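To keep things clear, I will list the structure first and then write my remarks on it.
The values are calculated or read from the model by the stated rules, or taken from the named source; none is laboratory data. Predicted, not measured: the structure shown is a model, and the values here were computed from it. Quick reminder, even Gly has a Cβ in these numbers, built from the backbone with ideal geometry, and neighbours come from all protein chains shown.
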Amino acid sequence: MIKFSLQNRIMNSLETIEKQYPLQVDLSNCAKEPIHIINRIQPHGVLLTYLFESEKIIRCSDNSNRIISYSPVELIDQPISKILSKQTIDTVREKLSVDPTYFMDVTIGSVKATLIVHKRGEEVVAELEPSKATVNPFEYQTQLTSIVSKINSLESVSQMCDQTVHLLSEYLGFDRVMIYKFDDDWNGKVIAEIREENLEPWLGLQYPASDIPSQARQLFLKQGIRLIPNVSYESSQIISSDKVSDNPVDLSNSELRAVSSMHVEYLKNMKVSSTLTAAIVHNGALWGLIACHHYSPKYVNYYQRLACKLLTQVFSSQLGLTLSNTLLQQANRTSKVRSKLIEQMSRSWDVVKGMENFDVGPMELVECDGFCSLLEGKLTCFGETPSVDKINELVDWLLENACDDVYSTSNLGVEFPASTRYAKQCSGVLVIFLSREKRELLVWFRKEKIETINWAGNPREKVFIEKDGSLHPRRSFERWKETQKGRSLPWQNFEVQSVKSFGSEIKKLVIKQYDKISALNKEFDQAYKALESFSYSVSHDLRAPLRGIDGFAQLIKEEYYDRLDEMGKSAIQTIISSTQQMNTIIDDILAYSGLGKKEMRMGFFPMDKVIHEVLSLLTNTYHEVNIKDIPLLPEVYGDYTMIKLMMTNLLENAMKYSSKQHAPLVEIGVLSNTEGITFFVRDNGIGMEQKHLNKIFDVFNRVAGGEYPGSGVGLAIVKRIIEIHQGLIWVESKLGHGSTFYFRIGEVREIDRVVLY
Ligand code: ADP
C-alpha cells in the first residue's frame, strides 16, 4: 500500500535538501556549493538506490516513470527485484563485494539500458542509462587498443596532447576538443585544441581559477569523467524514502549527477550545448582536463565514456613517465654540474675559487642571469646582479624573512617591495643559506620576464550583476590581454632541489677540508718539532769538534805562527775567524730551534724596559750609531726572554746595517690607530730592494754582503717569536734609504706611568 502521495514525498525531500543545499547558488557562494549532495540528476537516465542487505529501494529520481515506466512511488520501499532480475541483482552483489563499481546491459520491460552501480555506505547507487546503439565488443576492443598504442608511442608532452585531442575528436565527434593545463594558481591554459573550422581558436587562452572552483576540481579527481549531454536540461529530483530523507545521497561518483546551475549558465554563456570533461591526474593531483564541447546536444554512451576514461588514464600514466624522464634528465645534468663544482672547490681548497677559476661556474647549475656568493664577509658576483648595496639590503631582508635554508620566489617585488626599484635586473631569487650566523649564502638571480597572457575574457570581471541584483557568471569570453610585469621565470622544483643539495655538499666539503687541515696542521707541528730537535742536537754536537778545531788553530797560532810562511799565517787566521762565525751560526740555530721547546712564562712588561736593556749591550759594539730618544712605550703581554731576543735581533740589525752610513740613526717608537698598537724600529742604513723583502724572514736568507757579518737566522727568530705571540711583522725599506720594521704583539696595554729607566 502506498502511504504517501508523490507530492508529499517530493515536498519532504525538498525541505530536507533545502536545509543542506543553498536554494540559490550564485558566484558569492558557488565556490562553497556542496555539489556532491545536490540531490538532482540530469534527466537522460534514472537513478535509484537500494539497500545492499535488504535490497529495498530507498530513493528514486522523479523521471523514472518517463524512462522505465515506474513512478518513484511505485518503487520506493519496494524490492529492487521489481525492476531487476534476480541474476542481475546477484551479479551486482557479487561484483560490488570486490570492486567499487560495476556496469552491465539490462532490459527493464521494453527498455534496454546500461546499468552502472556503485556503493555508498549501505546503499547501492544504481543508474540506468537507456542505450540507443548496441556496442560491438570486438570493434570497441580494437578501437581501445589502437588508441592506447598511439598514445604510448609518444614521448613529448605536447605531442601527447596533440595526439589525444585528435584521437578523441575522431572517436567521439565533438565540435571542439581541448586540453587545459592548470598552473600553480589553478588557472587553466588551453595547450592543445582541435575544432571545427568555423569555430574561433581557443588555443593559448587562459581561464581564471574561479572558472572551475575547488570543489568542482575535487569531484573531477574522484569521478574522472563528466558528461552533460544537454546544458539546457531540466534536472530530476531524487525522491527518498522517509527513513533516509534527512540524508541526501552523496553523488560524488554518480554518472548522472546534476551540475551546478552556475556552471550550466557559464556553459550557456559560452554558447556550448554539450560537454564531456575528463580529468588528467599526475601524482594524485589534477594536472589538467580534457574538455570536449559540442554546439548542439550530444549524448556519449557509457562505453564511449569508458574508452575516453581509459585514454585519459593512459595519457596520465604516459605523462607521469615523460615528466619523470625529463626530471631525471634535468636532475642528472645538474648533478653533473654540482659534482664538477664541488670537485673544483675541493681542488682549490676554496669555495669561491672553485666557482671562479674553472670551466664550470655556478650559473650553470640553474638557468639564471646572475649569481652572487657571500662568504667570510666577501661578496663575489657573477653575471648580471643588483649593485652591492642592493644585494646587502636583500641579504638583510632574507635573513629576517626567509625561515628555511632554501628560499625561492619568482615575484620578489611582492615579497620584498624595496626590490621593485631593480625589478628589471632581479625579479626572481633562489637562495641557499650556508650559515645564517656568519651571514653566508649563495643567491641566483633571474631578470624580469614580461609576459602577455591571453585571458578568455577579463579575469577580474567574473561576476555579472543583473538588474534585480542577482549575480551571474561572466558573459564575455572576448580575448583579454594582460601584461604581467615584475615576475621572473618560475624556479622549477628540480632547480630548488639541486641548489639545496649543492648547499649541503658545500657544507660537507668545508667540514671535510677543515678536518684535513687540522690533521695536516698536527702533522706539520710534529714534523716541525722533530726538525727543531734534530737541528738542536746537530748544532749542539757540532760544538765539540768546532771547539777542537778552534783550540788547535789557536795552538798553532800561538806556538808555530813565526814558523809559518805568509800563506800559512793567512790560512790559520781564516780557520780561526771561520770557527768564530760558525759558532755564531750554531748559537743562532740553537736559539731558533730552541724556541719551540722553551716553556713560556707570560706576563705584562713595558716594552721600553726591554729596549733599554738590549741597547745597553749593543751600544758598546755599535757606538757610532745614534739612538733617538726612546719614548715611553706601552706594556706588552708575552715571554720576557723571547721578546728580548726578538728586540736584540731587530735592534742589532738596525745598528749593524746603518753603522757604515754617514750619521747613522736608529729610532724606536709606537703608532696607534684603529687596527691597534704597532711598534717600529727604523734605521737610515743600507736598506733593501723591494724584491728581497718577503724572503728575509726565512732561515739563512741573507741579502747583505760579506762586509756585514751574520748568520741569516736573526729575522727567522724574530718572526717565530712574533708568531708564538700571535702577532704580525712587516718591513718597509728602500735600497740606500734605510728600513723600518713594524710589528704587533697579541695583547698590548697602555699604561699610565712616569718611570724612567
Ligand atoms: P743576518 O744575520 O744576515 O742579519 P737576518 O735574518 O737578521 O740575518 O737578516 C736577514 C737579511 O735581511 C740580512 O742578511 C740583511 O740582508 C737583511 N736585513 C735585515 N735587517 C736589515 C736592516 N735593518 N737593514 C738592511 N738590511 C737588513
| Of the residues V731, V699, which single one is part of a loop (DSSP other than H, G, I, E, B) and either closer than 19 Å to I589 by Cβ or touching a residue at least 12 places away in the same chain (Cβ under 8 Å) (or both)? | V699
| Only one of these conditions is not met by N620: (1) under 60 Å from the mean Cα position of the chain (by Cα); (2) more than 15 Å from the ligand (Cβ to nearest atom); (3) within 30 Å of H737 (Cα to Cα); (4) in a helix (DSSP H, G or I). Which number is it? | (1)
| said: Condition (residue is of a type in the set (F, W, Y), crowded, with 17+ Cβ neighbours inside 10 Å and in contact (Cβ under 8 Å) with a residue 40 or more places away in the chain) applied to the stretch 315-323: is it met by at least one residue? | reply: yes
| request: Kindly list the number of the only condition in (1) of a type outside the set (K, R); (2) modelled with pLDDT of 95 or more; (3) in a helix (DSSP H, G or I) that fails for G413. | output: (2)
| task | Filter the stretch 623-640 down to residues that are hydrophobic (A, V, I, L, M, F, W, C) and either buried (at least 21 other Cβ atoms within 10 Å of the Cβ) or within 16 Å of the ligand (Cβ to nearest atom) (or both), then give me how many there are. | result | 3
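Here is a yes/no grid of residues against (1) in a loop (DSSP other than H, G, I, E, B); (2) of a type outside the set (D, E); (3) surrounded by 19 or more Cβ atoms within 10 Å (Cβ to Cβ); (4) touching a residue at least 12 places away in the same chain (Cβ under 8 Å):
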position	(1), (2), (3), (4)
V165	no, yes, yes, yes
L168	no, yes, yes, yes
V177	no, yes, yes, yes
W186	yes, yes, no, yes
E193	no, no, yes, yes
L199	yes, yes, no, yes
W202	yes, yes, yes, yes
R217	no, yes, no, yes
| task | Starting from the stretch 639-664, keep only residues that are farther than 27 Å from M600 by Cα and small (G, A, S), then list their pairs with residues that are away from the ligand (no atom under 11 Å from the Cβ) and part of a helix (DSSP H, G or I) whose Cβ atoms are within a distance under 9 Å, requiring at least 6 positions of separation or different chains. | result | S659/T621
| field | Filter result for S85 (surrounded by fewer than 18 Cβ atoms within 10 Å (Cβ to Cβ), in contact (Cβ under 8 Å) with a residue 60 or more places away in the chain and among the polar types (S, T, N, Q)) | value | no
| field | Single match in K449, K438 (criterion: in a loop (DSSP other than H, G, I, E, B) and at pLDDT 90 or above) | value | K449
| note | Subset of the stretch 700-710, residues within 8 Å of the ligand (Cβ to nearest atom) and over 55 Å from the mean Cα position of the chain (by Cα), comes to R702, V703, A704, Y708, P709, G710
| message | Need pairs with beta-carbon distance below 7 Å; first residue farther than 19 Å from I432 by Cβ and within the stretch 482-494, second in a strand (DSSP E or B) and β-branched (V, I, T); sequence gap 6+ or separate chains. | response | E482/I453; T483/T452; Q484/I453
| field | Of all residues in the stretch 666-695 being away from the ligand (no atom under 12 Å from the Cβ) and of a type in the set (A, V, I, L, M), the one that is surrounded by the fewest Cβ atoms within 10 Å (Cβ to Cβ) | value | L671
| said: With the requirement that a residue be in contact with a strand residue (DSSP E or B) (Cβ under 8 Å, 6 or more places away or on another chain) and either without any contact (Cβ under 8 Å) to a residue 40 or more places away in the chain or within 16 Å of the ligand (Cβ to nearest atom) (or both), what does the stretch 734-754 give you? | reply: G738, S739, T740, F741, Y742, F743
| message | Can you tell me which residue is farthest from the ligand (Cβ to nearest atom) among those in the stretch 711-728 that are in contact (Cβ under 8 Å) with a residue 60 or more places away in the chain and in a loop (DSSP other than H, G, I, E, B)? | response | H725
| request: Tell me, please, whether a residue that is farther than 30 Å from Q484 by Cα, at pLDDT below 90 and outside any strand (DSSP E or B) can be found in the stretch 373-396. | output: yes
| request: Kindly list, by first and then second residue, each pair from a residue in the stretch 618-635 that is within 16 Å of R682 (Cβ to Cβ) and in contact (Cβ under 8 Å) with a residue 24 or more places away in the chain to a residue that is assigned to a loop (DSSP other than H, G, I, E, B) and among the aliphatic types (A, V, I, L, M), limited to pairs with Cβ atoms under 6 Å and residues at least 6 apart or on different chains. | output: none
| field | Any chance F604 is more than 16 Å from the ligand (Cβ to nearest atom), farther than 27 Å from G712 by Cβ, aromatic (F, W, Y) and in contact (Cβ under 8 Å) with a residue 60 or more places away in the chain | value | yes
| said: Of all residues being among the aliphatic types (A, V, I, L, M) and surrounded by 12 or more Cβ atoms within 10 Å (Cβ to Cβ) in the stretch 603-617, which is nearest to the chain's Cα centre (by Cα)? Just the residue, please. | reply: M607
| remark: By residue number, the members of the stretch 650-665 that are buried (at least 21 other Cβ atoms within 10 Å of the Cβ), in a helix (DSSP H, G or I) and either among the acidic types (D, E) or in contact with a Phe, Trp or Tyr (Cβ under 7 Å, 6 or more places away or on another chain) (or both) are L650, M655, K656
| request: Please work out which one of (1) at pLDDT 90 or above; (2) surrounded by 13 or more Cβ atoms within 10 Å (Cβ to Cβ); (3) more than 57 Å from the chain's Cα centre (by Cα) is the condition D90 fails and give its number. | output: (2)
| query | I643 versus (1) exposed (fewer than 15 other Cβ atoms within 10 Å of the Cβ); (2) more than 16 Å from the ligand (Cβ to nearest atom): which is the lone unmet condition? | reply | (1)
